[in-house]
Amino acid sequence: MKKILVTGGLGYIGSHTVVELQKAGFKTVIIDDLSNASVDVLDGITNITGERPDLEILDLKEKEAVSEFFNKYTDITGVIHFAASKAVGESVENPLLYYENNVGTLVYLLKECSDRGIKNFIFSSSCTVYGQPDSLPITEDAPVKPALSPYGNTKQISEEILADLCNVSDIRSISLRYFNPIGAHESAEIGELPLGVPQNLVPFITQTAAGVREQLSVFGDDYPTPDGSCVRDYIHIEDLAEAHVVALKRLLSEENKERFEIFNIGTGKGSSVLEVIRSFEEATGLKLNYKIVDRRPGDVTKVYADTTKANSELGWKASRSIKDALSSAWEWEKQVRGID
Ligand code: WQD
């Protein structure tokens, strides 16, 4: 049985993808440096699928360790690459950390794949590459704008590296541009585990509801949107994880039309911050404590996906609702905090 390497496989999106890969019959091996994930996630994955993935705890910046990994695992047929730093604000403060960790390690990994004949490479990208788009919904051929942060720039540069490499090698790659992943696995065995104060909206909502945070601050309600708060395309983490299995199967069966393909992975629907709050309250029956504060620098007003290409060519479509996602996020938060 061929194996799939999942880098960052103990992380939020990585762990949910490992579950879907194992459910689809793939053997998986995870590389994680535990910088933003707990090894306990392995138990959660195993509890869901009944099968424990292999795990190698290593830093992808350590070239020798990466090479030894591939000497040990000689049956890797595909790679799904999640491992990267992803805090927008931190990337502004410490750009070199992001260029080394996100771009440098991608180059090492691709060199190993190239040298060892590993042809199938799925890349974790982000709608952040679009910046504030000129028109909505966003299609994959929308102009990639100058990145709003070094983090976003690393995603743009990484896609360019993949495109260039696929042109001159046997490697075939698919870049999945995620919109806003939210929610948790229906079992509440795995979910989002932000370190420290959550930067993202939904974990801050669930931690406020759990009493971990005093109050949610809504960053601005004076945007040119129906209710004044920013609009995003929130996609259930399980829909997002399933998209990776579909993309991998596309490469393994050589159904890809180009050597390097890009797909938007969103729902195609925009929801405002205030709408998300209302959906959370409806889904849980709770009243959320929040206040409107000033805008957050760097936020784009409105961004949501045109998913026509993923629906028609990839044959994937998000099926879960934002309320499903918010309910699952709350069930996970209660599990983490020991709340009945
Ligand atoms: C969503 C909306 C905030 C927190 C980021 C990254 C992106 C991707 C997903 C990695 C915005 C508002 C948030 C809060 C709030 N990550 N908000 N109060 O910024 O769209 O995307 O995460 O790939 O690259 O940029 O997500 O969840 O931070 O914010 O009002 O406490 O919620 O202003 O409008 P974002 P987010």
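The values are calculated or read from the model by the stated rules, or taken from the named source; none is laboratory data. Worth saying up front: this structure is predicted, and the values here are computed from it rather than measured. For neighbour counting, all protein chains shown are included, and Cβ atoms are generated from backbone atoms with ideal geometry for every residue, glycine included. Just so you know, the surface numbers come from the protein's heavy atoms only, side chains and all, with ligands and any DNA or RNA stripped out. Shrake-Rupley method; radii C 1.70, N 1.55, O 1.52, S 1.80 Å.
Points to keep in mind about this one:
- Cβ-Cβ distances below 6 Å connect the following pairs, each with a first residue in segment 42-62 that is within 17 Å of L109 (Cβ to Cβ), a second residue that is open to solvent by less than 40 Å² (accessible area, probe 1.4 Å) and part of a loop (DSSP other than H, G, I, E, B), and a separation of six or more residues or different chains: L60/A83.
- Being buried (at least 22 other Cβ atoms within 10 Å of the Cβ), under 30 Å from N47 (Cβ atoms) and in the same structural domain as K111 (by TED's automatic domain parsing) holds for only one residue in L162, L176, and it is L176.
Conditions (1) closer than 30 Å to D141 by Cβ; (2) in contact (Cβ under 8 Å) with a residue 12 or more places away in the chain; (3) among the aromatic types (F, W, Y), marked per residue:
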{"site": "R259", "(1), (2), (3)": "yes, yes, no"}
{"site": "I265", "(1), (2), (3)": "yes, yes, no"}
{"site": "K269", "(1), (2), (3)": "yes, yes, no"}
{"site": "Y290", "(1), (2), (3)": "no, yes, yes"}
{"site": "Y304", "(1), (2), (3)": "yes, yes, yes"}
{"site": "T308", "(1), (2), (3)": "yes, yes, no"}
{"site": "E313", "(1), (2), (3)": "yes, yes, no"}
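- Unique residue being closer than 23 Å to D239 by Cα, assigned to a loop (DSSP other than H, G, I, E, B) and more than 13 Å from the ligand (Cβ to nearest atom) when the list is I174, I190, I118, I122: I190
- Residues (open to solvent by less than 10 Å² (accessible area, probe 1.4 Å) and either small (G, A, S) or more than 10 Å from the ligand (Cβ to nearest atom) (or both)) located in segment 208-223: G220
- For beta carbons closer than 8 Å, sequence separation of 6+ or different chains, a first residue in segment 88-110 that is among the charged types (D, E, K, R) and a second that is open to solvent by less than 70 Å² (accessible area, probe 1.4 Å) and not in a helix (DSSP H, G or I), the qualifying pairs are E100/K61.
- Qualifying position, being in the same structural domain as R177 (by TED's automatic domain parsing), within 15 Å of the ligand (Cβ to nearest atom), open to solvent by less than 50 Å² (accessible area, probe 1.4 Å) and assigned to a helix (DSSP H, G or I), among V129, V92: V129
- S229 within 9 Å of the ligand (Cβ to nearest atom) and part of a strand (DSSP E or B): no
- Odd one out for F179, checked against (1) modelled with pLDDT of 95 or more; (2) more than 26 Å from L10 (Cα to Cα); (3) within 15 Å of the ligand (Cβ to nearest atom): (2)
- Looking only at segment 263-298, and only at residues there that are aliphatic (A, V, I, L, M) and open to solvent by less than 30 Å² (accessible area, probe 1.4 Å), the one that is nearest to the chain's Cα centre (by Cα): I265
- Only listed residue being under 25 Å from E20 (Cβ atoms), modelled with pLDDT of 95 or more, part of a loop (DSSP other than H, G, I, E, B) and of a type outside the set (A, V, I, L, M, F, W, C), chosen from T105, T74: T74
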